[in-house]
Every structure is written in C-alpha cells, then in structure tokens.
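*Asks:* After the structure tokens below, expect a handful of questions from me.
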Amino acid sequence: MADTLDQMLTLMNLAKSSGADLVEIRFDSLSSSSSSSSSVKEDIQTLIASSPLPTLFTHRPKWEGGQYDGDEQSRLSALQLAMELGADHIDVELQAVDDFKTLTGGSKPAKCKLIVSSHNYQNTPSLEDLNNLVNKMQSTGADIVKIATTAVDITDVARVFHITSQSQVPIISMAMGERGLISRLLSPKYGGYLTFGTVERGKESAPGQPTIQDLLDVFNFRQIGPDTKVYGIIGKPVGHSKSPLLYNKAFRSIGFDGVYVHLLVDDVKNFLETYTDFAGFSCTIPHKEAVVQCCDEVDPTAKLIGAVNCVVRRDDGTLYGCNTDYVGAITAIEDGLRASGFKDGASGSPLDGRLFVVIGAGGAGKALAYGAKEKGARIVIANRTYDRARELAEIIGGKALSLADLNTYNPEDGMILANTTSIGMQPNIDQTPVSKEALKSYTLVFDAVYTPKITRLLREAGECGALIVTGVEMFIGQAYQQYERFTGLPAPKELFREIMANY
Ligand code: NAP
C-alpha cells in the first residue's frame, strides 16, 4: 500500500528482501488510481512488469473496506487490465464477481488465478453461515476463495480454522484484529493458501497483520505445518510478551515441531474448551487465578498459591496446571544473595529467617510469598487493596500492610523487598511502589516487572546500596521450567540468556 508508484516499487523490493513469496498490489491505495484510463494502464503495466515477486492485484472499493471510490466499471476494467498484463492473481469481491465475468466474458489467461473475496469488518459469522459463504464463492468459479472476518473473541478464529481445513477449494482465510492474530500465524497448520504480512509496522492493509519479519523470525512461519504443536501465552494484554521470541527460537534451535503464539484471551474457560488441539499454555495477567478452575489436575503448590501460570495438555487431553513463577523468582533471589556472600541458613537457603516484604497480592505476589515462606523467611504483604494483603497474610501466617505504610516500615535492617505489581512497567516507567528513602533498609530488592529491565525501583535501590535482582532473571527461570514441561526436553539455558540479553 502506498500513495505513489515509486513508493510502491520500493515496498515491493523491500517485501522481496524481507523474504516474501508474493506481493499484493493494493492499487486502490495509489492516489492516482482513479485518474485517466491511459495513466491507469501505464501504472498497472509498470507495477506488474517491475515487481520482483509474483503479484496479487487488488483494487478494493470503499464499499468493501478499501480506498477506491470511483465508478465501478473503471475499477473492473483495471482488474481486467491487470489480468491481461500478467498479474499472477487478481482479487475480485464476491459482490462484484458476476459483473466482472460479464465484462471479461468469463475468459482469463491461464496463468492468472482468480481470488474471489469477502470481507466482514464487524464479526465472524456462525459456522453454518461461513460454510454457505465458501460454497457460494466456490460456485462462482473462483480458483481461490478469500474470507476475512473480524475476531470479536479469540474463539471466533476456531470457526475460521474449521472452514479452512474443510475447504474443497484453495482458501485464504483470516479473522482480522488483535484477537484474530492466530488465524494469520497458524494458517499453514490448517491448510491456508497464504497469509498476509506487512513490510513494516504502520503499513498494514488490514487490522492485525504481523510484519514479514515477525512471521519469519519470531514465529518460524515456514516451519509450521499440519502436525505443528501449538503453545502460547494467554493474557490480556499480551502483545508485549517476549515469550514467543524465546520459545520459538528455542524450538527452532533443536528442530522441535512447535510454535508459540500470543493469545489475547477474554474468557479463559471458553478459550480452553474451544482449542482442545493446542498443546500447552503460559498464563499471565489477569487469568492466573481463573485458570486454576479450568484444569483437570493442579499441582499442590499451585493450588496453595491459588494461581497457575503453566498449563500442559496431557496425552489423554486433560489439562494439568502448575506454577513456575515462584521457583524462577526465589532461585534468582537466592542466587543474588549467595553471589554476594550471604550464607544459607538452617532451611538451606539464604532467605532463612529474613524479613521478606512482598508488594502485591495477585498471582505473582502469592507465588513469591509462598516460595519465600517455604525457604524459612518471615513474610510481610503490602498491597493497594489492603483486604487482599490481609487475606494472604492470614493464610500464610504473615503481616499485612497498606502501600502507604510501606514508606515508613523499617523494623529491622537486612530485609528483602519484592515488587510483584505492574507498577513501573512500560509505559509507566516513572512510577515506583515505594519511596527511595524507604529502600535504605533493604539488603536486596527484586522487581517482577521486566520491561524495562532496570525499573525505577531497581535503579533507586541500587543507588541506596541494595543488591538488585531483575524480573528478567525470574522470567528466564520460569521459562526454563515451562519449556521442559512443554517439550519434555531440557531447556537451552544459554540460548535463553543470550536472547534475553538482547531485549
Ligand atoms: P495480578 O494477579 O493481576 O496481580 C496484580 C497485583 O498488582 C495486585 O496485587 C494488584 O493490586 C497490583 N496492582 C496492579 N496495578 C497496580 C497499581 N497501579 N498500583 C498498585 N498496585 C497495583 O498480576 P500478576 O500475574 O501477579 O503479575 C504482576 C506483575 O508481575 C506484572 O507486572 C507481571 O508482568 C509481573 N510478572 C513477571 C514475571 C517474570 O517472569 N518476570 C512473571 C509473572 C509476573 P490490587 O490487589 O489492589 O488489584
């Protein structure tokens, strides 16, 4: 998509160098696309002749979500011209296909494939309606059908996968929008003819398109096939998660036939009941607690914590949930203390007997509190909602504070502080849960937030002389554990560290 011919040619070359197989020319995006018929012909000729890749020519009218608002006859003539001038595919909307065939007399060069398309920018219809639509499109004599719907919920995509895998004719299918991302990423698993990638962010021709780079480098798109196992991170929001990068690079490094995707989920129960063929999930905000009820079996520690962050589908189809957060975080904190010469206590941990202050009472907060308690620490919980702090403190046998209390809380030296709230996370990097002055009483400060790596809390703690442990350490630690549960194979620890060091 571009305003001028020159920009379009530049983008075509960029598409090729980025690794695309085919380039879609969105002729309607050119500002000259409704000008005189001789210049239209010249433009089409130039674009098709200069394309470094096979072409898909599209001239989308406003009434189907495109930019062209000239007369219909000229639009159809441009499509006919593109076909005659050597386009490899042309896209004709279902509503216009009869008129197009009347114009061309039904003839087209053997090389050119006719894509008959339909776009729904509101929702994804029922399975029955989608099937009827495919049949109707197929009966027009389409070589390929293209159905683009809109995902209102991620479970809508299951219907798109269903029609894709059942289609008798080659099919391009997708559910647009952020909730439909998996329809684009997993298209080869379900037999889709192609998927659309954008050359760069901001150049999307439809909502929710990934970049070519993401498709190829983050999601290993070329390696995805019918047997590829699907894993992913369930959350809301979830687009910021670095987990897909980490797991997919690790999968690729050993040739494991799996892909790990972002899963923007609103209702976790509905999601898990819909995608019974997906193999495993990481779980993040706000679903870690709700997912406990959705598992057939839950690891006893995760049950105590009341939060599951890792779900594995067993061979018999049942779901097993566990919590890898606490191991990752507690190990990182222990390693930090030991590296600075702190000795293990009677519990076998340097946390033994220490006062351990947890900020937050959500999934990560509970995990840290239980983990530290298990290592012999005395627990204090400080939370925005004081009642949640009190509840957790009562169960665990600790003390509760409000967030404001924390600024003056200073019963002894040598304490450990662990932030498990999202305070300080991008984009709110100027926020911090506790004043710098109060940090002077702590020996070690840990922050679960890992974007940015060094949060304001950690920076100020370091300035006060405390040891700091970043959320990246926790992230890597919990990811090792999940990787091993997902694949049954040892995690490539060095690779994980290398990848995270660069982000
Ligand atoms: P959660 O279950 O939703 O809990 C969120 C906690 O943060 C609650 O205690 C909540 O307090 C508090 N909170 C949220 N926004 C707040 C604000 N603006 N001011 C004060 N308190 C606020 O989430 P979670 O799963 O525990 O995750 C919490 C954080 O840990 C996230 O930033 C997440 O990215 C991070 N995390 C990191 C890793 C890692 O590997 N590094 C792993 C897991 C989690 P209320 O009770 O008052 O709502």
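*Asks:* State whether the residues of segment 375-384 include one that is closer than 16 Å to N309 by Cα, within 12 Å of the ligand (Cβ to nearest atom) and open to solvent by 10 Å² or more (accessible area, probe 1.4 Å).
*Replies:* Quick first cut of segment 375-384, residues closer than 16 Å to N309 by Cα only: none.
No, segment 375-384 has no match at all.
*Asks:* Go through segment 263-289 and give me each residue that's outside any strand (DSSP E or B), open to solvent by less than 50 Å² (accessible area, probe 1.4 Å) and under 23 Å from F475 (Cα atoms).
*Replies:* V265, V268, F278, A279, T284, H287, K288
*Asks:* A follow-up question, please. Which of (1) in contact (Cβ under 8 Å) with a residue 24 or more places away in the chain; (2) within 24 Å of I285 (Cα to Cα); (3) not in a strand (DSSP E or B) does D214 not meet, given it meets every other one?
*Replies:* (1)
Each row is one residue, and each column tells you yes or no for (1) open to solvent by less than 20 Å² (accessible area, probe 1.4 Å); (2) more than 16 Å from A479 (Cα to Cα); (3) at pLDDT below 95.
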site	(1), (2), (3)
V291	yes, yes, no
R313	no, yes, no
E334	yes, yes, no
F342	no, yes, no
A346	no, yes, no
P350	yes, yes, no
G353	no, yes, no
A367	yes, no, yes
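*Asks:* Does D413 meet the test of being under 22 Å from V472 (Cβ atoms), assigned by TED's automatic domain parsing to the domain that holds Y370 and among the acidic types (D, E)?
*Replies:* no
*Asks:* I'd like the full set of residues that are outside any strand (DSSP E or B) and touching a residue at least 24 places away in the same chain (Cβ under 8 Å), limited to segment 134-154.
*Replies:* Matches in segment 134-154: V134, K136, M137, Q138, T140, G141, A142, D143, A151, V152, D153, I154.
One line per residue, one yes/no per condition, for (1) modelled with pLDDT under 95; (2) open to solvent by less than 30 Å² (accessible area, probe 1.4 Å):
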position	(1), (2)
H162	no, no
Q166	no, no
P170	no, no
G177	no, yes
R184	no, yes
S187	no, yes
Y190	no, no
A206	yes, yes
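*Asks:* Given the condition of a type in the set (A, V, I, L, M), at pLDDT 95 or above and in contact with an Asp or Glu (Cβ under 7 Å, 6 or more places away or on another chain), answer yes or no: does some residue in segment 257-266 qualify? Outline the logic, then answer.
*Replies:* Here is the first cut: in segment 257-266, the residues of a type in the set (A, V, I, L, M) are 259, 261, 263-265.
Adding the requirement that they be at pLDDT 95 or above leaves 259, 261, 263-265.
Subsequent filtering for residues that are in contact with an Asp or Glu (Cβ under 7 Å, 6 or more places away or on another chain) retains 264.
Yes, segment 257-266 contains a residue that is of a type in the set (A, V, I, L, M), at pLDDT 95 or above and in contact with an Asp or Glu (Cβ under 7 Å, 6 or more places away or on another chain).
*Asks:* Looking at segment 314-335 only, could you name the residues that are in a helix (DSSP H, G or I), in contact with an Asp or Glu (Cβ under 9 Å, 6 or more places away or on another chain) and within 14 Å of the ligand (Cβ to nearest atom)?
*Replies:* Answer for segment 314-335, where residues must be in a helix (DSSP H, G or I), in contact with an Asp or Glu (Cβ under 9 Å, 6 or more places away or on another chain) and within 14 Å of the ligand (Cβ to nearest atom): Y326, G328, A329, I330, T331, A332, I333.
*Asks:* If the Cβ limit is 8 Å and pairs must be 6+ apart or interchain, which residue in segment 283-300 that is over 7 Å from G321 (Cβ atoms) pairs with which residue that is more than 15 Å from the ligand (Cβ to nearest atom) and basic (K, R)?
*Replies:* A290/K269; Q293/K269; C294/K269
*Asks:* Within segment 435-466, restricting attention to residues that are open to solvent by 20 Å² or more (accessible area, probe 1.4 Å) and over 24 Å from N502 (Cα atoms), which residue is farthest from the ligand (Cβ to nearest atom)?
*Replies:* So, considering only residues that are open to solvent by 20 Å² or more (accessible area, probe 1.4 Å) and over 24 Å from N502 (Cα atoms), the one farthest from the ligand (Cβ to nearest atom) is G465.
*Asks:* Can you work out which of the residues in segment 402-434 that are away from the ligand (no atom under 12 Å from the Cβ) and open to solvent by less than 10 Å² (accessible area, probe 1.4 Å) is farthest from G341 (Cα to Cα)?
*Replies:* So the first thing to find is which residues in segment 402-434 are away from the ligand (no atom under 12 Å from the Cβ), and the list is 405, 407-417, 427, 429-430.
Narrowing further to those that are open to solvent by less than 10 Å² (accessible area, probe 1.4 Å): 415-417.
Details: M415: 16, I416: 15, L417: 18 Å.
Going through the qualifying residues, I end up with L417.
*Asks:* Only one of D91, D28, D99 is surrounded by 13 or more Cβ atoms within 10 Å (Cβ to Cβ) and closer than 26 Å to F221 by Cβ. Can you tell me which? Talk me through it step by step, then tell me what you get.
*Replies:* Numbers: D28 fails: closer than 26 Å to F221 by Cβ; D99 fails: closer than 26 Å to F221 by Cβ.
On inspection, the qualifying residue turns out to be D91.
*Asks:* Could you give every pair whose Cβ atoms fall below 9 Å, whose first residue belongs to segment 478-502 and is touching a residue at least 12 places away in the same chain (Cβ under 8 Å) and closer than 22 Å to D315 by Cα, and whose second residue is assigned to a helix (DSSP H, G or I) and open to solvent by 70 Å² or more (accessible area, probe 1.4 Å), counting only separations of at least 6 or pairs across chains?
*Replies:* Y480/K493; T487/I254; L489/I254; A491/E484
*Asks:* Here is a follow-up. Pairs needed: first member in segment 92-117, closer than 16 Å to I144 by Cβ and assigned by TED's automatic domain parsing to the domain that holds L56; second member anywhere, open to solvent by 80 Å² or more (accessible area, probe 1.4 Å) and in a helix (DSSP H, G or I); C-beta distance under 8 Å; at least 6 residues apart or different chains.
*Replies:* Filtered contacts from segment 92-117: L94/K136; P109/E84.
*Asks:* Considering only residues that are touching a helix residue (DSSP H, G or I) at 6+ places or on another chain (Cβ under 9 Å) and assigned to a strand (DSSP E or B), look in segment 349-374 and name the one that is nearest to the ligand (Cβ to nearest atom). Give the steps one after another, and end with the answer.
*Replies:* Start the filter on segment 349-374 by keeping residues that are touching a helix residue (DSSP H, G or I) at 6+ places or on another chain (Cβ under 9 Å), which leaves 349-351, 354, 356-374.
Within this subset, residues satisfying the condition of being assigned to a strand (DSSP E or B) are 356-359.
Values: F356: 16, V357: 13, V358: 9, I359: 8 Å.
Applying the filter and picking the extreme gives I359.
*Asks:* Being touching a Leu at 6+ places or on another chain (Cβ under 7 Å), assigned to a helix (DSSP H, G or I) and surrounded by fewer than 22 Cβ atoms within 10 Å (Cβ to Cβ) is the filter here; which residues of segment 31-60 pass it?
*Replies:* Residues satisfying the conditions are K41, D43, Q45, T46, I48, S50.
*Asks:* How do the pairs read when you match residues in segment 22-34 that are within 23 Å of Y193 (Cβ to Cβ) with residues anywhere that are part of a helix (DSSP H, G or I) and modelled with pLDDT of 95 or more, using Cβ under 6 Å and keeping only pairs 6 or more apart or on different chains?
*Replies:* Between residues of segment 22-34 that are within 23 Å of Y193 (Cβ to Cβ) and residues that are part of a helix (DSSP H, G or I) and modelled with pLDDT of 95 or more, the close pairs are V23/M12; V23/A15; I25/L47.
The values are calculated or read from the model by the stated rules, or taken from the named source; none is laboratory data. Note that the structure is predicted; figures quoted are calculated from it, not measured. Please note: Cβ atoms are built from the backbone with ideal geometry, for glycine as well, and neighbour counts cover all protein chains shown. For accessibility, only protein heavy atoms count, side chains too; no ligands or nucleic acids. Shrake-Rupley method; radii C 1.70, N 1.55, O 1.52, S 1.80 Å.
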